[in-house]
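Following: one structure in structure tokens, then a few remarks.
The values are calculated or read from the model by the stated rules, or taken from the named source; none is laboratory data. Quantities reported herein were computed from a predicted structural model and do not represent experimental measurements. Glycine also receives a Cβ, built like all others from the backbone with ideal geometry; neighbour counts cover every protein chain displayed. In case anyone asks, the SASA skips ligands and DNA or RNA and just uses the protein heavy atoms, side chains included. Shrake-Rupley method; radii C 1.70, N 1.55, O 1.52, S 1.80 Å.
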Amino acid sequence: DALSRSPAALVVHNGLHDLLHTSHRFHAPLPSTLHQWKLQLHSLFPLIFDTKHIAESAEFIDKMCHGTGLDNAFSTAQSSLFNKPIINLGEGDYSNYLKDDRTHEAAYDAYKTGVVFCRLVADVCDMVRFNRDSAALQAYRNRVFVMHPPHRSIPLDPHQDDASPPPAMQRILTRLGALFTGPFKSTQP
């Protein structure tokens, strides 16, 4: 509840499955249509950024020479290609995050996702302070990466004009939806 009440953006990396799981387990069972799920998700998290979608974009794909998985994107974001902003871990003993690989530890993956987001956003927006309404970020708002060419992302905004997903995308969403409560139907209400 606290997360959905926060005005902060929700930042994920390759987060379609995470978003489906979170909305199903912590809010309500998945609805029967993709459009209804987008409405449900938008009411919980009105602003979502997927760092995998950002890293796969035309602006960054050439810089992501080792891939766009979280570990590779994090390594690239830590390189000299992206030297701003300076990221401090804050108060507390987080020294193990600086010297040990804690991959797939939830807090460490969240930290890596945050670093990737901050570095990529600072690069594309050339900004010192994050502005969620920046025009340069519009292409990345409320879109989540999917690994099915030619459709590399799907919009999450229920008010955005997006026809029913193409058949291949619908099969992916149906399989993901079936993991929880049953398949999404492509029809809108």
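Filter the stretch 10-27 down to the residues that are open to solvent by 70 Å² or more (accessible area, probe 1.4 Å) and among the hydrophobic types (A, V, I, L, M, F, W, C) and list them by number.
The answer is 26, and nothing else.
Scan the stretch 90-106 and tell me whether some residue there is part of a helix (DSSP H, G or I), at pLDDT 75 or above and either more than 20 Å from residue 52 (Cβ to Cβ) or within 22 Å of the chain's Cα centre (by Cα) (or both).
yes
Quick one: would you say residue 30 is of a type in the set (A, V, I, L, M), more than 19 Å from residue 143 (Cβ to Cβ) and open to solvent by less than 70 Å² (accessible area, probe 1.4 Å)?
yes
Being surrounded by fewer than 14 Cβ atoms within 10 Å (Cβ to Cβ) and out of contact with any Phe, Trp or Tyr (no Cβ under 7 Å at 6 or more places or on another chain) narrows it down to one residue among 114, 92; which is it?
On inspection, the qualifying residue turns out to be 92.
How about the stretch 1-50: which of its residues are among the charged types (D, E, K, R) and under 24 Å from residue 71 (Cα atoms)?
Of all residues in the stretch 1-50, those among the charged types (D, E, K, R) come to 1, 5, 18, 25, 38, 50.
Those that are among the charged types (D, E, K, R) and under 24 Å from residue 71 (Cα atoms): 18, 50.
For the stretch 1-9, check the following and say yes or no: at least one residue is closer than 21 Å to residue 153 by Cβ, open to solvent by 70 Å² or more (accessible area, probe 1.4 Å) and in contact with a strand residue (DSSP E or B) (Cβ under 7 Å, 6 or more places away or on another chain).
No, because not a single residue in the stretch 1-9 is closer than 21 Å to residue 153 by Cβ, open to solvent by 70 Å² or more (accessible area, probe 1.4 Å) and in contact with a strand residue (DSSP E or B) (Cβ under 7 Å, 6 or more places away or on another chain).
Give the stretch 33-81 a look and list any residue that's open to solvent by less than 10 Å² (accessible area, probe 1.4 Å) and more than 20 Å from residue 146 (Cα to Cα), or say none.
Hits for the stretch 33-81 are 76, 77.
Name the pairs: first residue in the stretch 54-71 and free of Cβ contacts under 8 Å to residues at least 40 places away in the same chain, second residue open to solvent by less than 60 Å² (accessible area, probe 1.4 Å) and part of a loop (DSSP other than H, G, I, E, B), Cβ to Cβ under 7 Å, at least 6 apart or on different chains?
Taking only residues 6 or more apart or on different chains, the pairs are 68/56.
What number of residues in the stretch 142-173 are open to solvent by less than 60 Å² (accessible area, probe 1.4 Å), at pLDDT below 75 and either farther than 16 Å from residue 37 by Cα or in contact with a Pro (Cβ under 8 Å, 6 or more places away or on another chain) (or both)?
5
Taking into account only those residues within the stretch 12-35 that are in contact (Cβ under 8 Å) with a residue 60 or more places away in the chain and touching a strand residue (DSSP E or B) at 6+ places or on another chain (Cβ under 6 Å), which is nearest to residue 107 (Cα to Cα)?
Looking at the filtered set, the residue picked out is 12.
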